[in-house]
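**Q** Below you will find the structure I want to go over with you.
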Amino acid sequence: MTARQLPHARRRSKGGRRVLSSCGRRVRRRPACDRGAASGKALSIHTFLLRRRQVHSLVVVAHPDVASLTHGLAREVTAALSDDGRSAELVDLTAEAFDPRFTAADLLHYRDEGPTPLDVVGEQARLDRAQQLVLVFPVYWWSMPALLKGWIDRVFINGWAFEYAPAGRLLPKLDQLSVHLLAVAGGDVDGYERHGYSNALRTQIEHGIFGFCGASIASTRIVYDSETAPVEALAAEVDFTVKQISTLPAAL
Ligand SMILES: Cc1cc2nc3c(=O)[nH]c(=O)nc-3n(C[C@H](O)[C@H](O)[C@H](O)COP(=O)(O)O)c2cc1C
């Protein structure tokens, strides 16, 4: 992405201050090319490349403005994950008017007393087709926007994302899903580290949501200073982030 293509060309400069970024990775699996070794079936590079080609990604964006940096990032990521035989679907929760409200129907379903609401069935079907999920969102109050949180509340429900065995033991059900988190933040890295916001955000989403459901976190990246950094710095940040996500091995 060039500075010219970057949405929000209006951004104020912060006196040339560098955009800092944090990249954390918690990969619970061995690299994809090593997988199979434990079962005595080491993957050949040919098999690894073939499997990589079959990866389908679901990119979910939650931001009300299609001209935003967040949307630009989501589009770039989707394009990068669609090359070389891979496929990717971009889901714009605002454009699709996804209803994030957890209703009485959702509660009945949660209690095993009612059917899965139809719109939730559709979202789960999209996720069932994907090996990778990429969430792209602006940080609102040190977390994800309510629209995306509601999508998680309603879609990642018991019976589909996890279930309880009769003895009360938790059975995570999304162990085939690999997740990338892309958060766009107005704040700077110093504030995030000083107050523990970065860790708090990662703990609740990586561990609290996806860890609970058995999914792997492939990468988490926070793009800081989104409202104030120079356009060139943000463009470079977007390029780096997109390249990183598109070259990381997916959970297969
Ligand atoms: C309701 C609201 C809450 C926000 N809360 C935070 C916050 O807690 N931390 C933060 O770093 N930025 C916060 N911001 C700033 C947004 O993260 C920032 O506007 C967004 O990253 C800009 O993305 P965009 O350039 O794609 O529009 C908030 C913005 C809004 C509108």
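**Q** With respect to Ala146, is the statement that it is of a type in the set (Gly, Ala, Ser), farther than 24 Å from Gln54 by Cα, more than 14 Å from the chain's Cα centre (by Cα) and within 16 Å of the ligand (Cβ to nearest atom) true?
**A** Numbers: of a type in the set (Gly, Ala, Ser): yes; farther than 24 Å from Gln54 by Cα: yes; more than 14 Å from the chain's Cα centre (by Cα): yes; within 16 Å of the ligand (Cβ to nearest atom): yes.
Answer is yes for this residue.
The rows are residues; the columns are (1) open to solvent by less than 60 Å² (accessible area, probe 1.4 Å); (2) within 16 Å of the ligand (Cβ to nearest atom); (3) hydroxyl-bearing (Ser, Thr, Tyr); (4) at pLDDT 85 or above.
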| residue | (1), (2), (3), (4) |
| --- | --- |
| Leu43 | yes, no, no, no |
| Phe48 | yes, no, no, no |
| His71 | yes, yes, no, yes |
| Ala80 | yes, no, no, yes |
| Asp92 | yes, yes, no, yes |
| Phe98 | yes, no, no, yes |
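**Q** List, please: which pairs have Cβ atoms under 7 Å, are six or more places apart or on different chains, and start with a residue in region 72-86 that is more than 20 Å from Ser226 (Cβ to Cβ) and end with one that is within 16 Å of the ligand (Cβ to nearest atom) and assigned to a loop (DSSP other than H, G, I, E, B)?
**A** none
**Q** Provide a single number: the residues in region 202-252 that are over 13 Å from the mean Cα position of the chain (by Cα), of a type in the set (Asp, Glu) and part of a helix (DSSP H, G or I).
**A** Count: 3.
**Q** Same structure, new question: What do you reckon, is Ala235 within 13 Å of the ligand (Cβ to nearest atom) and open to solvent by 10 Å² or more (accessible area, probe 1.4 Å)?
**A** Spelling it out, it is not the case that Ala235 is within 13 Å of the ligand (Cβ to nearest atom) and open to solvent by 10 Å² or more (accessible area, probe 1.4 Å).
**Q** Checking Ala104 against (1) among the small types (Gly, Ala, Ser); (2) more than 24 Å from Ala74 (Cα to Cα); (3) within 14 Å of the ligand (Cβ to nearest atom), which single condition isn't satisfied?
**A** (3)
The values are calculated or read from the model by the stated rules, or taken from the named source; none is laboratory data. For clarity, every value in this text was computed on a predicted model and none was experimentally measured. When we count neighbours, we look across all protein chains shown, and the Cβ atoms used for this are built from the backbone with ideal geometry, even at glycine. In case anyone asks, the SASA skips ligands and DNA or RNA and just uses the protein heavy atoms, side chains included. Shrake-Rupley method; radii C 1.70, N 1.55, O 1.52, S 1.80 Å.
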